[in-house]
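The structure appears below as structure tokens.
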Amino acid sequence: MDSMVFTSSYVTISCFLKNDLGLSALSSSSSNCSQFSASKYRKMKSKKIVSVMAPQQTQRKPSTTGSVKNAMTMTEKILARASEKPQLVPGDNVWVNVDVLMTHDVCGPGSIGIFKKEFGNNAKVWDREKVVIIPDHYIFTKDERANRNVDILRDFVKEQNIKYFYDITDRSDFKVNPDYKGVCHVALAQEGHCRPGEVLLGTDSHTCNAGAFGQFASGIGNTDAGFVLGTGKILLKVPPTLRFVMDGEMPDYLLAKDLILQIIGEISVAGATYKSMEFVGSTVESLTMEDRMTLCNMVVEAGGKNGVVPVDSTTHKYLEDKTSIPYEPVYSDDQARFMSEYRFDVSKLEPLVAKPHSPDNRALARECKDVKIDRVYIGSCTGGKTEDFLAAAKIFMASGKKVKVPTFLVPATQKVWVDVYTLPVPGSGGKTCAQIFEEAGCDTPGSPGCGACLGGPRDTYARMNEAQVCVSTTNRNFPGRMGNKEGQIYLASPYTAAASALTGFVTDPREFL
């Protein structure tokens with residue numbers, strides 16, 4: 001991608017140009033860039049300039065080799081290290097060494113088939129300890145083809161002696177399967193497969209969830225996964241980076257889901273297409289790891305290649321008992337070039353929903369108070385973590401009322417399920433989430449997994465088999481996403497979902513907080 005500088009007597013605008021015109025918010029002008037007059041610049045077609053800043057005045061000092069050393073973003077640094085290159089810029093195509101490859105029951109069989117076709121039936125994977133296989137999508141079903149997918153994974157694991165396979169053999173009771181985890185993205189974090197500075201790829205679009213750990217994490221297709229299985233490498237184009245600066249104290253009625261819905265509503269579902277989304281600012285620093293996962297989880301809903309949060313003490317503390325493998329964080333240089341920068345004062349935001357049928361169809365929850373709903377769903381990699389259920393329990397506990405619509409709860413993993421039944425909810429006098437949910441009239445928490453987030457076989461728990469209106473903590477609300485093609489899905493935070501369950505209408509959680 002070309003870097004160009006437009007100069008007038010008043011201001012210098014430094015930007016990357018391809019299909020978009022954005023701002024390199026923290027870059028100094030480069031001597032090898034073409035110069036344009038202000039009049040020529042005004043004639044050029046631009047999409048959006050987020051902000052204008054004067055160029056940095058500090059001169060770059062030569063490196064010890066005598067050549068000019070260019071600043072890089074987090075994503076550029078991670079990919080440079082993984083490709084054994086000293087320097088990368090957006091648009092470079094490089095062969096990247098993969099640290100972890102994850103696949104699951106939906107895409108695993110296809111990836112395995114391509115691997116065998118291209119490398120041979122007797123071929124071995126590049127590293128049996130870097131492949132993680134997690135059945136999680138279509139597990140608790142009688143569908144024979146879905147069950148066969150898990151059998152294919154199991155056979156491949158035995159053949160290849162794969163170290164990390166979180167199997168389930170008795171689907172009648174997940175609790176008797178100690179190896180079974182649940183939703184791959186949450187399990188990857190809980191089992192210590194997410195490490196700062198590494199490259200993690202997965203055959204699932206929400207693999208970007210792991211960017212919360214300061215690593216490059218992105219979803220890939222079966223063909224790419226088959227190639228990675230055989231070589232441990234992938235050809236990637238270096239993405240430009242969009243920077244999202246979130247400052248201000250987080251109001252007690254907002255959750256990370258509101259933040260990412262705000263961002264997607266701001267830039268649209270195509271606003272970050274093949275771009276890295278970097279999240280910084282005092283608000284981001286205050287977020288828990290699960291909050292940061294929620295933030296990074298939905299960058300793909302904006303078209304993003306990956307999302308990333310800088311590593312800090314919160315990251316290190318979470319990883320203390322998760323991994324013994326050494327890791328080395330990287331951080332964006334002060335003078336790194338960002339394609340655009342967006343700033344948000346989080347203290348002024350309100351609870352949001354994404355109305356049908358797109359994650360960028362943003363609206364204030366209070367503006368939808370007349371929308372009557374038929375059900376509520378709390379679960380998925382986005383909204384089925386421990387803190388998501390604690391948040392929902394807080395709303396139910398504060399109201400002291402019973403839900404007015406069926407409310408389905410699907411913990412992401414076995415560990416989350418255990419937390420739901422054992423962790424006391426703050427301020428409850430020792431009650432657990434499960435006790436509060438039961439008192440509120442919710443459905444008994446389901447078996448951990450992806451559940452009805454993406455529909456699945458017709459006998460999937462909580463699947464929308466009728467044309468209903470649902471408030472959901474999941475990530476997508478396209479037609480048919482949770483089952484019925486006529487169904488309407490309002491994406492929301494666990495606070496908003498729980499509040500809506502209590503009224504039978506889309507409801508701002510401030511009514512109960």
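Could you check the spin-label model distance between Lys142 and Asp459? Points 7 Å from the Cα along Cα→Cβ, value in nm. Using points 7 Å along Cα→Cβ, the separation is 0.4 nm. Its DSSP H runs of at least 4 residues, each contributing -39,500 (n - 2.57), put the calculated 222 nm mean residue ellipticity of the chain at -7500 deg cm²/dmol, to the nearest 500.
Packing-based ranking of 175-185, 153-163 yields 175-185, 153-163, ordered from highest to lowest mean Cβ neighbour count within 10 Å.
Near Leu88, once Lys and Arg are set to +1 and Asp and Glu to -1 for all other residues with Cβ below 12 Å from its Cβ, the sum equals +2. Using a probe of 1.4 angstrom and keeping all protein chains present, the accessible surface of the chain works out to 41 square angstrom per residue.
Full extension of the chain between Lys485 and Asp321 gives 54.7 nm of extra length, using 0.36 nm per residue less the Cα-Cα distance. Of the peptides 265-271, 136-142, 215-221, the ranking by mean beta-carbon count within 10 Å, highest at the top, reads 215-221, 136-142, 265-271. Taking region 475-513 and a reference point 7 angstrom along Cα→Cβ of Glu249, the backbone N atoms nearer than 19 Å belong to 510, 513. Each peptide in 378-385, 420-427, 304-311 gets a packing score, the mean of other Cβ atoms within 10 Å over its residues, and the list from highest to lowest is 378-385, 304-311, 420-427. Subtracting the Cα-Cα distance of Thr444 and Glu118 from 0.36 nm times their residue separation leaves 112.8 nm of extension gain.
Choose one of Val280, Ile263, Ser205: the residue whose Cα lies farthest towards the positive end of the charge dipole of region 199-285 (beta-carbon charges +1 Lys, Arg; -1 Asp, Glu; about the Cα centre). Final value for the positive-end residue is Ser205.
The portion of the accessible surface of the chain made up by carbon and sulfur, rounded to a whole percent, is 48 (1.4 Å probe; DNA, RNA and ligands excluded). At 7 Å along Cα-to-Cβ for each site, give me the label-to-label distance between Ser428 and Ala363 in nm. Going from the Ser428 label point to the Ala363 one covers 3.2 nm. For the chain, the dipole from Cβ point charges (+1 on Lys and Arg, -1 on Asp and Glu) about the Cα centre works out to 1340 debye, to the nearest 20. On the beta carbon distance between Lys404 and Glu84, with R0 = 56 Å, the FRET formula returns roughly 0.45.
The values are calculated or read from the model by the stated rules, or taken from the named source; none is laboratory data. This is a predicted model, so every value here is computed, not measured. Here the Cβ is made from the backbone with ideal geometry for all residues, glycine too, and neighbour counts use every protein chain on show. The accessibility values were calculated without ligands, DNA or RNA, using every heavy atom of the protein model including side chains. Shrake-Rupley method; radii C 1.70, N 1.55, O 1.52, S 1.80 Å.
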